[in-house]
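Before any comments, here is the structure.
The values are calculated or read from the model by the stated rules, or taken from the named source; none is laboratory data. Here the structure is a predicted model, which is why all the values come from computation and not from measurement. No Cβ is skipped: glycine too gets one built from the backbone with ideal geometry, and neighbour counts run over all protein chains shown.
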C-alpha cells in the first residue's frame, strides 16, 4: 500500500501518534524462517519489529525519516517513566546522528 492509502500520511501526521509494533512473531512471518522464527533470507519478513520496519520501508515506501518518526512515537508511547523514555529517545537520536544507509549491494546479514 503506498500513496494516500498507505502509511506515509499517518506517519507524518502531528495529530496522530502512529507506532509500529510486533506481536507473536512466530505467527506472522512471510517467507522462510528458522525454528526460532528468524528470517532465513532477505525476502522474508519474520514478524519481529526490525522486520516490520523493513517491510514498511521496502513494501510500503516509508522513508528512513518516517521510520524514525514511528520509532520515536513508539518510545514516547511506551509504559515506562519519563526519565527512561528520555534516555531511549536520546539513544535513538544518537543512533540516527551516526546512521548511514547500507550500500545497495551489501549482502543479507543474518540477525544477531
**Request:** State which residue is nearest to residue 95 (Cα to Cα) when the search covers only region 14-36 and only residues that are free of Cβ contacts under 8 Å to residues at least 40 places away in the same chain and crowded, with 16+ Cβ neighbours inside 10 Å.
**Result:** 25
**Fill in**
When region 43-59 is checked residue by residue, the ones that are crowded, with 17+ Cβ neighbours inside 10 Å and more than 11 Å from the chain's Cα centre (by Cα) are 44, 45, 46
**Complete:** Given the conditions (1) outside any helix (DSSP H, G or I); (2) modelled with pLDDT of 75 or more, every one holds for residue 104 apart from (2)
